[in-house]
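Before we start, here is the structure in question, set down as structure tokens.
The values are calculated or read from the model by the stated rules, or taken from the named source; none is laboratory data. Keep in mind that what you see is a predicted model, and the values were worked out from it rather than measured. Note: ideal-geometry Cβ built from the backbone for every residue, glycine included; neighbour counts use all protein chains shown.
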């Protein structure tokens, strides 16, 4: 990526390969092809059947993130940040890739959550949980490795809480590349970009939807809403730095 000129400057003014997320989602799709054939024709149980539903959201939001990364409008100095900033830009008649991502993610979430048999209140809550979780991981993407750590901890928590490996079985084809990718982000070799953070947020959102009961999903929705509101008005990085346990986890493995 560096050789091809695909770079972006981080908060330390270091030029890093960008967006790594595009490489991660491509690796997932390349691996998916032989696994799908073996799963179907050889009768091997390699892919969770529910992946057919959720893969639309995974690939869709990754594409929306790639659109933002490619145009570069969401990262340049002076461009709108956060939902408030993008909403103001739209009201001024300006192009906002953040607004495009929000509308696109909402449409994708509304589609993939259909067919679950939920009543309207539960359906709306599940769509909101999926979209807001996806956006929240964009807010986490300010330091190398932070998005991946948040994703791994969330998946591990759901697996341990429900004593099940279903979240890993469902998302493993997309989760695996993040295990490799974190080596590059922690060492300031590459940046995920919105492509990667969108995908990570989508994986987290789907794990919450499929791994929690209705009460758990409502609690998760309240938590992600509160974190999103906090991130709109305060610095998440500053909050992490003020809490020793979070600061330790956040800095673990990161090259200074």
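Given the conditions (1) surrounded by fewer than 18 Cβ atoms within 10 Å (Cβ to Cβ); (2) not in a helix (DSSP H, G or I), report the number of the one that residue 36 does not fulfil.
(2)
Taking the conditions exactly as written (farther than 25 Å from residue 104 by Cβ and either in contact with a strand residue (DSSP E or B) (Cβ under 6 Å, 6 or more places away or on another chain) or surrounded by fewer than 21 Cβ atoms within 10 Å (Cβ to Cβ) (or both)), does residue 169 satisfy them or not?
Spelling it out, residue 169 is indeed farther than 25 Å from residue 104 by Cβ and either in contact with a strand residue (DSSP E or B) (Cβ under 6 Å, 6 or more places away or on another chain) or surrounded by fewer than 21 Cβ atoms within 10 Å (Cβ to Cβ) (or both).
Matching residues to (1) within 22 Å of residue 30 (Cβ to Cβ); (2) under 13 Å from the mean Cα position of the chain (by Cα); (3) surrounded by 23 or more Cβ atoms within 10 Å (Cβ to Cβ); (4) modelled with pLDDT of 95 or more:
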| residue | (1), (2), (3), (4) |
| --- | --- |
| 137 | no, yes, yes, yes |
| 150 | no, yes, no, yes |
| 158 | no, no, no, yes |
| 174 | yes, yes, yes, yes |
| 179 | yes, no, no, yes |
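A follow-up question, please. Yes or no: the range 199-218 includes at least one residue that is more than 14 Å from the chain's Cα centre (by Cα), assigned to a helix (DSSP H, G or I) and free of Cβ contacts under 8 Å to residues at least 24 places away in the same chain.
yes
Then there is this: Residues of the range 108-123 being surrounded by 14 or more Cβ atoms within 10 Å (Cβ to Cβ) and assigned to a helix (DSSP H, G or I), which ones?
The answer is 108, 109, 110, 111, 112, 122, 123.
Between 64, 47, which is in a helix (DSSP H, G or I), at pLDDT 80 or above and either closer than 17 Å to residue 193 by Cβ or out of contact with any strand residue (DSSP E or B) (no Cβ under 6 Å at 6 or more places or on another chain) (or both)?
64
Can you find even one residue in the range 228-240 that is in a helix (DSSP H, G or I), touching a helix residue (DSSP H, G or I) at 6+ places or on another chain (Cβ under 6 Å) and within 29 Å of residue 28 (Cα to Cα)?
Yes, the conditions are met somewhere in the range 228-240.
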